[in-house]
Amino acid sequence: MTILSPPRHPTVTSALQLAWHWCSGHSIDGAPALAHAVRVAVVLGRHHPAASPTLLAAVLLYDAPELAPPDQLDPLVTSLLGADTLRIIRVLEAEHHTMHNPHTSSEQTLDRVHRLAATDMPALLATTADKIVAFGSILRRAARADDPNAFWQARHPFREQMPVLSRLHHRGSAVPAPGNGSRAHRPAYRRRPGLPEPDSTFGPACRGSGLFPSTPIHHRKD
């Protein structure tokens, strides 16, 4: 059981449908982009079981600004998932660009983390969950590398972000996790119409690479 296991809030179901539609044919960290989005949501739910449907929806669409048609993202997310979901997505987009901008210093990034902690805890929780998944992915790739030393030497920008990752961990772990009992009180929700049916392989972390077997995969570089 994960935070994405049925029954789901209709906002989360709609976000899954949009994520399935926009992620199709794309990959992140060598896996289908949808699997990455689901892993981030599952990690968020594991550490923060009381995550709101709005926050879960934003996490599932974390990469939508890169994958969705520009003329569809804002109107579809706003109409189906609400203005606050779109706001969080845009905050996460800005944070992602800041983290990967070579002209952004570690001090500037840490200042941004402090501002998120003070003004936008949902966005901070989301970006922390994303970093947990990304960190685990890069550690697994390093373990498989023929020359681990060369692998890490080639990732100087990532190594420079270690103080930021440490601060994200500190800020994120400071949030008390409520009990898990809230899941038992969820009513049964039905799928919201008007969107394509999501693939049946949404499981605990979308394991396996057969999500889109007939669709070419477009890889995003890290």
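Please treat every number below as a calculation from the coordinates, not as lab data. As the structure is a prediction and not an experimental result, all values here were calculated from the model. Note that each Cβ is placed from the backbone with ideal geometry, even for glycine, and that neighbours are counted across all protein chains shown.
Could you line up Val77, Val113, Val91 from fewest to most neighbouring Cβ atoms inside 10 Å? Before the final figure, lay out each step's value.
Values: Val77 25, Val113 22, Val91 19.
In order of increasing Cβ crowding within 10 Å: Val91, Val113, Val77.
If packing is taken as the mean number of other Cβ atoms within 10 Å per residue, what is the order of 122-128, 49-55, highest first?
Details: 122-128: 24.1, 49-55: 19.3.
Sorting 122-128, 49-55 by mean packing, highest first, produces 122-128, 49-55.
Could you tell me the convex hull volume per residue, in Å³, taken over the Cα atoms of segment 10-177? Walk me through the numbers on the way to the answer.
Working: hull volume 19.3 nm³, N = 168.
Considering the Cα atoms of segment 10-177, their hull volume per residue is 115 Å³.
So what is log10(I(q)/I(0)) for segment 47-128 at q = 0.18, 0.19 1/Å, when the Debye sum runs over its Cα atoms only?
Debye output, listed in q order: -0.77, -0.84.
Could you list Met121, Met1 so that the one with the fewest beta carbons within 10 Å of its beta carbon is first and the one with the most is last? If you can, show how the numbers build up before the last one.
Numbers: Met121 16, Met1 9.
With the sparsest Cβ surroundings first, the list reads Met1, Met121.
Can you list the residues of segment 39-53 with backbone N under 12 Å from a point 7 Å past the Cα of Arg140, pointing along Cα to Cβ?
The answer is 39-40, whose backbone nitrogens lie closer than 12 Å to the label point.
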